[in-house]
Structure formats: C-alpha cells, structure tokens
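**Q** One structure follows; several queries about it will come next.
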Amino acid sequence: MFHFLGGQYHGRFEATYRAFPLAFIDKQSAEYGDKVILPPSALDRLASLHIEYPMLFKISNNNKGRCTHCGVLEFVAQEGHVYLPRWMMANLLLSEGQPVSFANVSLPKGSYVKLQPVTSDFLDISNPKAVLERTLRSYSCLTVGDCFVVHYNNKDYEIEVRSCKPGEAISIIETDCQVDFEAPKDYKEPTYTPAAAAGPAAAAAAAPGLGSSGGGAAGAAAGGSGAAAAAA
C-alpha cells in the first residue's frame, strides 16, 4: 500500500523536447493511436521517480496555449527528440522541430465520452461502432477538443471528442466507458418537398375548381368534354 502511494506521488516528471512526426523513425503503424516515442533518458528519469504504469502524460505547446494527453510506446527516440502521431501534432499546432513540454499525470478512468465525426461519410461505413471500438484499443486516453483519426479501408476519418466524464481528460485503459455520438459536423437535415410541388399534374389537381371535378383537365379530356366543351 505504501509502495503504491510512493510510486504515485514520489516525484514529478517534466521535460521539453523537439517534436517530430513518427514517420521520421519509420513508425507509421503508430499513427492511429495516442502513444509517443520518448528518448531513453526519459525512462531512466521516470524509473527513478517510481512513476506507476500505465505512464500517461500531459503534452503542452506553450507557445500556442494548446495541450492534450498521451501514453508512451517506446523509449528509443534520439535524445532531445519526441516522435508523435501527426493528428496529435495538428491538435497542438506543432511544426517539425518545435518545442513541446511533457509532464506525467494521473487521469481518472472514463465513464462516458461523446464523439462527433467531422464529416458525414463516416456514417457510410457498414459498422462504424465496431470500427471505432477497434481504433480506441490503440488509445490510452481522450481529451475534450481533440480530433483523432480513424483509419478504415485506406481512408482517414476525423473524430472530435466533444465531452468526457468524469473530467476533461480521461483514461480509457481497462475501463467500461459509455460512448455517445453527435451528428456529423457537416450533417444537414433533409429537406422535404411538399406533395403539391411534386409535378405539373399534382399542381393542377390541387388547383381550386379542378381537383373536385374527378380528374382535372386530363379527366375532362378522357370524358369527352375536352377543354373546348368546358369553355362552352
């Protein structure tokens, strides 16, 4: 028990690195997740502080006032560098080589999250819920305001995190988290055309004095009276 408390609160890890995309070290397979690659010195420091697993971090771009959260995949980065998924760099407004700050955090286990597809074509997937569940297995945590990427059938779909409970950032490791959806950002309610505007025949049928005669102008022609007879 005392060892657990010491591991959680013994010290705080803080460091600043230069940010680069995962493609720089041929780790594109990690693009569709939230785990970064840190240098070996980070592991040494974390071990000396007795930081507990899973290791989670708050990442901040202090120049832009942006932040998010992540896990760690490996400790094999060049010293002074960190490698991140491109979607994470985009959320943080980071360009290659810019500084980014790391600090270890302990996040609450998530109980609820609301997600919103950025585009409606995500709904064209035959089973979007299953695709999303499979994607989230590669994530450690979610942060309100982030847009992460779902990759399916050689296409990328952006999903925004709209809200979380019990906090603005949550851990989704080994937790039963309820997932809710908002309509896609570009979704538009279908517009229904009134029946009277469906075509000329319908408009004629709806005109006063014609609809009650049992067939309008067409019915009159069929009955042998014709337009001329009606005029007489």
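Here, each number is a calculation from the coordinates, and none is a lab measurement. Note that this is a predicted model, so its numbers are computed, not measured. Cβ coordinates were reconstructed from backbone atoms using ideal geometry, including for glycine residues, and neighbour counts include every protein chain displayed.
**Q** Students often forget the sequence filter, so: which aspartates and glutamates lie under 13 Å Cα-Cα from Lys165 once same-chain residues fewer than 8 apart are removed?
**A** Asp176, Asp180
**Q** Right, here's the next one. Hey, can you grab everything whose amide H is under 5 Å from the amide H of His81? Only 5+ residues off in sequence or another chain; H modelled, so Pro and N-termini drop out.
**A** Arg18
**Q** Here's a follow-up. Mind pulling the per residue volume of the convex hull built on the Cα atoms of segment 1-147? Å³ is fine. Please report the intermediate quantities before stating the final value.
**A** Details: hull volume 18.3 nm³, N = 147.
In segment 1-147, the Cα convex hull volume per residue is 125 Å³.
**Q** Next up: Is the C-alpha gyration tensor of segment 91-135 telling us rounded, prolate or oblate? Criteria: a/c under 1.5 is rounded; beyond that, a/b larger than b/c is prolate, otherwise oblate. Could the numbers behind the result be given before it?
**A** On the way: a/c = 3.13, a/b = 1.53, b/c = 2.05.
Verdict is oblate for segment 91-135.
**Q** Would you mind giving the average projected area, over all directions, of the Cα convex hull of segment 146-197 in nm² with one decimal?
**A** Details: hull surface 27.2 nm².
Average of the hull's projected areas for segment 146-197 equals 6.8 nm².
**Q** On a C-alpha basis, how far is the centre of segment 61-112 from the centre of segment 147-187 in Å? Whole number, if you could?
**A** First find each Cα centre; the distance between them is then 18 Å.
**Q** Among the GluC sites (Glu not before Pro) within segment 136-170, which fall in a DSSP loop and have no more than 15 other Cβ atoms within 10 Å of their own Cβ? Please report the intermediate quantities before stating the final value.
**A** Numbers: sites: Glu158, Glu160, Glu168; in loops: Glu168.
Counting only loop positions with at most 15 other Cβ atoms within 10 Å, the GluC sites (Glu not before Pro) in segment 136-170 are Glu168.
**Q** Is there a quick way to get the dipole size of segment 57-182? I mean about its Cα centre, with the Cβ of Lys and Arg at +1 and of Asp and Glu at -1; what is the value in debye to the nearest 20?
**A** Working: 12 positive and 15 negative charges, 44 e Å.
For segment 57-182, the charge dipole is close to 220 debye.
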